[in-house]
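This report refers to the structure that appears directly beneath it.
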Amino acid sequence: MINKIIYSTLLVFCVTGLIAQDVLTNTRFEEVILSNGRSLKYAIHLPEDYDASKPYPAIIGPGDGVKEDSPSYYWHGTPSKYGWIIVESLAHFGSNGVSQTRQLIDHINANYNVEGDKFHMVGFSANSANSFNVGIALADRFYSLVGVAGFPRKNPSGADLERVKNTKFYFIVGDRDRYWMNASKKAHEYLLQQGVDSTIEIIKNGPHVLKQIDGQPFIDLMERMRK
């Protein structure tokens, strides 16, 4: 098994300390009615040239799913320019996170053309605990589970381990973010030992909030999970 640790200096010259103004050119704010009768709001950023006859790679990440909530800083600015479908919601939070996320995925797949009907789950910092928990439980619905920075609080074992055998794990973390880097390394090494596809990307001079990869650089990293 190749130990896939990437020490990256990529694009550290980009937009450090600056946040682009949001330009939401093809964003929709929608909701899905869950089986318990409750409404789950979500925002969906579609590519500017979205064509319902063509499949697109898709991210699910955290967000309130309302107009008042700015897009995540990792796809901040002009999220429709990146060629991906990006969904922001609170589906994976709370005790019903698995059920809510499953229903959201089914709803999105029924209404939009998602590549292979499978998503890439992205979690940031503390909320990565929820994204990994839900992503592992629904591993057959995801191409990859991604922490920026983030890691599963409990490494998959038993039935969970079997579920993730065909799912990629991707840890993106700054080398100045010692706690999160060390925890991500441990999770990465464990997964490799279990025969699970795992990659860790260590950003040189990177702090906890990796402004170096805001926008297109982040999407370029995500493209690796499609291969």
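On the stretch given as segment 67-77, residues that are open to solvent by 40 Å² or more (accessible area, probe 1.4 Å) and part of a loop (DSSP other than H, G, I, E, B) total 4. Considering each residue of segment 29-37 in turn, at least one proves to be surrounded by 14 or more Cβ atoms within 10 Å (Cβ to Cβ), at negative phi and part of a loop (DSSP other than H, G, I, E, B).
Only one entry of 117, 106, 160 meets the criterion of being at pLDDT 95 or above, among the charged types (D, E, K, R) and over 24 Å from residue 32 (Cβ atoms), and that entry is 160. Checking each residue in segment 193-211 for being open to solvent by 20 Å² or more (accessible area, probe 1.4 Å) and either in contact (Cβ under 8 Å) with a residue 60 or more places away in the chain or more than 26 Å from residue 45 (Cβ to Cβ) (or both) picks out 193, 194, 195, 197, 204, 205, 208, 209, 211. Scanning segment 213-227 for residues that are more than 15 Å from residue 180 (Cβ to Cβ) and part of a helix (DSSP H, G or I) gives 216, 217, 218, 219, 220, 221, 222, 223, 224, 225, 226. Taking first residues from segment 152-165 that are open to solvent by 70 Å² or more (accessible area, probe 1.4 Å) and partners that are among the aliphatic types (A, V, I, L, M), the Cβ contacts under 7 Å between residues at least 6 apart in sequence or on separate chains come to 153/129; 163/136; 163/139; 165/196.
Residue check: residue 92 meets all listed conditions (1) open to solvent by 30 Å² or more (accessible area, probe 1.4 Å); (2) in a loop (DSSP other than H, G, I, E, B) but one, namely (1). When segment 119-151 is filtered for residues that are within 22 Å of residue 71 (Cβ to Cβ), open to solvent by 10 Å² or more (accessible area, probe 1.4 Å) and not in a strand (DSSP E or B), the ones remaining, listed by number, are 124, 125, 126, 127, 129, 130.
Scanning segment 29-48 for residues that are under 18 Å from residue 72 (Cα atoms), touching a residue at least 60 places away in the same chain (Cβ under 8 Å) and among the hydrophobic types (A, V, I, L, M, F, W, C) yields 44, 46.
The values are calculated or read from the model by the stated rules, or taken from the named source; none is laboratory data. Only a predicted model underlies this, so the values are computations on that prediction, with no experimental measurement involved. FYI the Cβ positions are ideal-geometry reconstructions off the backbone, even for glycines, and counts take in every protein chain you see. These area figures cover heavy atoms from the full protein model, side chains too; ligands, DNA and RNA do not enter into them. Shrake-Rupley method; radii C 1.70, N 1.55, O 1.52, S 1.80 Å.
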